[in-house]
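So the structure is just underneath, and the comments pick up after that.
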Amino acid sequence: MPDLLHSLQHHDIGHLRIVAELWGIELESVDIESAAKELAASLLDPKTVAELIDSLPPSARAALSALTDSSGRIPWAQFTRDYGDIREMGAGRRDREKPHLKPASTAEILFYRALIARAFFDTDKGPQEFAYIPDDLFGIINPEGYEEHKGKTLESFVPVVVKKEFLGREARSPEKTYIIPSTDRVLDDMTTLLAALRLGRNITPERKLLSLSHAAGLLKKNIPQAEEVKTFLEASRADALKLLVEAWKKSEMFNELRLLPSLICEGEWKNSPLDARNSILGFLGTIPTGKWWNLDSFVSAIKQKRPDFQRPAGDYDSWFIKRAADGRYLRGFESWDEVDGALIRFFITGILHWLGMVDLASMKPDSEITAFRLPASNSRFPTSYTMGNVENGKLKIASSGKIVAPRLTPRSVRYQLARFCEWDEEKPDEYHYHLTPRSLTRAKEQGLKVEHLLVLLAKHADAGIPPALVEALKRWDVNGTEARAETQVVLRVSSSKVLEELRKSKASRFLGEALGPTSVVVKAGAQSKVIAALAEMGLLAEDNTDMSLRAAEDGVEISSKNEIASSPLRGSSQRRGKN
């Protein structure tokens, strides 16, 4: 950082005389260069510095303390929010109004005493304006802190929190009444997603899950990557969770801000999710593990201490962000709670809890989250993965082809099983499937074989495979589908002569297989044409097709042509009604 001499040389002689007056120093030099050197030499006396600081009002000492705790520098936007701005005025107005005698802010108290200066510096986020204590003056004010940061570049210094101070407070008893433990269910959801995409199922996955799968390399352009998927599925649950978490921590494409459900981000502006993520993890790294912590106080402390954690140069106007509820644009620092504060809450309750790294608590069931707890660990958060779930679940198999897979069935088993089966409704801790000729045909087209399925089922079934199902699978493998159920529209007439006459009419092309002397199958969608032809013959026909369909939907048995044979597999059914 610049030293005191370089900081003073940017001012005119009138400003230097104001500094000297406030320090109680008689300035003899008349040109800027000589006056700056004379003043710097006088100000860098430890005893004089101590006396001046003792004379400062409490607010100014607090601001100076915040700067020293932050290694002598704080982004200008944040500093002025906390301690007020410095009025812009030329030398003439300054000399007339004498702002140093009636300072409008804490920042002006420090500025006119040369205890702080203001300048732009290059950072890894680009040029950024800072309030800073001149380097050699900082060494006198806080020798210990100066030694800590001496020699570091601005880019290598990342101010995260005020030292020796927790962000927020511990949660009180009512705030942790209802505990929501973290889980490793993200592994199961990821397995379901990978299987669905492998099958080409038309699904709408949760955005954060899809984003995580790409960050972990499991997907590329929504296409499962065979080797990466195999590694994920075969890893233990602890190792698989670690794989996902480590990929998330390093990812520049997983953008928590753009995943916030309460916000809509528009335009081509770019934020740095990696920088914001590292900042929030740094904030979390300062609070004790194993203790319940109040969420509101944690967010409020960040707003007070480091509000610009994701904003380059404290810019709150160039990002086009709308509130999803009503489309209102959220700009300026006054929208911090709805954007930056909401991001911190989502980070803890929607990302860390989802990844199994944070427990949550509330005051009432289904009410807003009031507290969170980091896992107790000897290492710095969040590198500990304490999930101990073992994938030893067994499949429950019915002779009808229905299969139930508990949540802790090995993920690789459920992934393969899902490729052989139709999917039924998912339960909280179970996945339900069933085998059909269609699902087996689809699996066969992907290179999967029935013999592989039988080995898979035999190895992981809790009570073996029902013999009838084994036989049915083997027969299907040899003969394909041997039974089919279908519903057809049937025309019934009063006599065979009517049917013969109809076959001689122009409607004959709409008639199918005869079912007897007075019954015939009507081709799909042609019943209205047949009824019209009968009308031309002087016969009024009653169309009961819609009534029959309603009866079928209500569970009433209807008369139809069915080709049904006994089979443990569900056959394909094609409803076309009845007349």
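Derivation of every value follows stated rules applied to the coordinates shown; laboratory data play no part. Everything numeric in this text was worked out from a predicted model, so none of it was measured. Please note: Cβ atoms are built from the backbone with ideal geometry, for glycine as well, and neighbour counts cover all protein chains shown.
Can you give the net charge of the other residues whose Cβ lies under 11 Å from the Cβ of Asn255, counting K and R as +1 and D and E as -1?
+3
Legend: distances between Cα atoms for Lys208/Lys270; Lys402/Lys459; Lys242/Lys449; Lys221/Lys474; pairs beyond 26 Å are Lys242/Lys449; Lys221/Lys474. Shown in residue order for the range 22-28 are the 3J(HN,Hα) couplings computed by the Karplus curve 6.51 cos²θ - 1.76 cosθ + 1.60 at θ = phi - 60°: 6, 8, x, 10, 8, 8, 9 Hz (x for Gly and Pro).
Over the range 4-149, the Kirkwood radius and the radius of gyration, each from Cα atoms, give a ratio Rg/Rh of 0.94.
So how much slack lies between Thr183 and Val498, counting 0.36 nm per residue of separation and subtracting their Cα-Cα distance, in nm?
Value of the extension gain: 106.3 nm.
Comparing Ser505, Leu64, Leu330 along the charge dipole axis of the chain, the residue lying farthest to the positive side is Ser505, per the Cβ-charge model.
The charge dipole of the chain, taken about its Cα centre with unit charges on the Cβ of Lys, Arg, Asp and Glu (plus for the first two, minus for the last two), comes to roughly 2960 debye.
Could you calculate the FRET efficiency of His10 with Leu101 from 1/(1 + (r/R0)^6), where r is the beta carbon distance between them and R0 is 25 Å, rounded to 0.05? In this case the efficiency is close to 0.65. The angle between the Cα long axis of helix 58-69 and the longest principal axis of the Cα atoms of the chain comes to about 60 degrees, rounded to the nearest 10.
With each label modelled as a point 7 angstrom along the Cα→C-beta vector, the Asp275-Thr518 pair spans 8.6 nm. Counting only alpha carbon atoms, the long axis of helix 527-536 and the longest principal axis of the chain meet at about 40°.
Of the chymotrypsin sites (Phe, Trp or Tyr not before Pro) in the range 192-286, the ones in a loop by DSSP (not H, G, I, E or B) with at most 13 other beta carbons within 10 Å are Trp269.
For the chain, what does the helix formula give at 222 nm: sum of -39500 (n - 2.57) over DSSP H segments with n ≥ 4, over the residue count, nearest 500 deg cm²/dmol? Computed mean residue ellipticity for the chain: -11500 deg cm²/dmol.
A Förster radius of 45 Å, combined with the Cβ-Cβ distance separating Lys220 from Asp85, puts the computed FRET efficiency at roughly 0.35.
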